[in-house]
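The values are calculated or read from the model by the stated rules, or taken from the named source; none is laboratory data. Predicted model only: the values in this text are computed from it and were never measured. Counting neighbours? That spans all protein chains shown, and the Cβs are built from the backbone with ideal geometry, glycine included. All accessible areas refer to the heavy atoms of the entire protein, side chains included, with ligands and DNA or RNA removed. Shrake-Rupley method; radii C 1.70, N 1.55, O 1.52, S 1.80 Å.
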Amino acid sequence: MSRQASRDTTPEVAVRRLLYAAGYRYRLHRKVPGHPRRTIDIAFPGPRVAVFLDGCFWHGCPQHATHPKANADWWRRKLDGNIARDRETNRCLAEAGWTVLRFWEHEDPAAVADRVAAAVITARHPARTGGAADGAAPGGTGATPGGVQAARGGVQATPGGA
């Protein structure tokens, strides 16, 4: 397990590149307040938006998770512990006033970047966006003027785009 990439994974780098190209600046691998051994993959400290890109195997993706047959009890406890830790991390960050966004590694990086951009805009300007609590932009498109899709030629994301 020590050889498994825990940071700078391919999906994480793809999302970061899209966000950076669209003008969003962020911090990498920030510590979760109160939990020094846990880190936020992509953090926007000002608007308090935390982004996690979870691996399907390690975090129990409902579509792609597999269950090893060798040493099955140990792996079940290990993977269940990861899921429980994710929930606790979400709770701790939410209690500290952060917006927590979690995505699976198989999700389209452009759609993820659009949803992150919309959440950052909402957090920075709640009065302008109507204070959408789910991180979606008004109108439900997931792309906003100045968002990631707009930076790549103005193509709008589909509503609810996964």
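Assess whether R25 counts as being closer than 16 Å to V116 by Cα, exposed (fewer than 13 other Cβ atoms within 10 Å of the Cβ) and out of contact with any helix residue (DSSP H, G or I) (no Cβ under 6 Å at 6 or more places or on another chain). Here the answer is yes, as R25 does meet what is asked.
Of all helices (runs of 4 or more DSSP H) completely enclosed by region 39-136, which ones contain at least 2 residues that are under 21 Å from R7 (Cα atoms) and open to solvent by less than 40 Å² (accessible area, probe 1.4 Å)? In region 39-136, 72-95, 109-124 are the helices (runs of 4 or more DSSP H) which contain 2 or more residues that are under 21 Å from R7 (Cα atoms) and open to solvent by less than 40 Å² (accessible area, probe 1.4 Å). Taking each residue of region 36-55 that is over 15 Å from R16 (Cβ atoms) and looking for partners that are among the β-branched types (V, I, T) and open to solvent by less than 10 Å² (accessible area, probe 1.4 Å) with beta-carbon atoms closer than 6 Å, six or more apart or interchain, yields R38/V32; R38/T89; P47/V120.
Close contacts from region 82-94, counting a first residue that is under 18 Å from A65 (Cβ atoms) and a second that is part of a helix (DSSP H, G or I), with Cβ to Cβ under 8 Å and a gap of 6+ residues or different chains, come to N82/W58; N82/H59; I83/H59; D86/H59.
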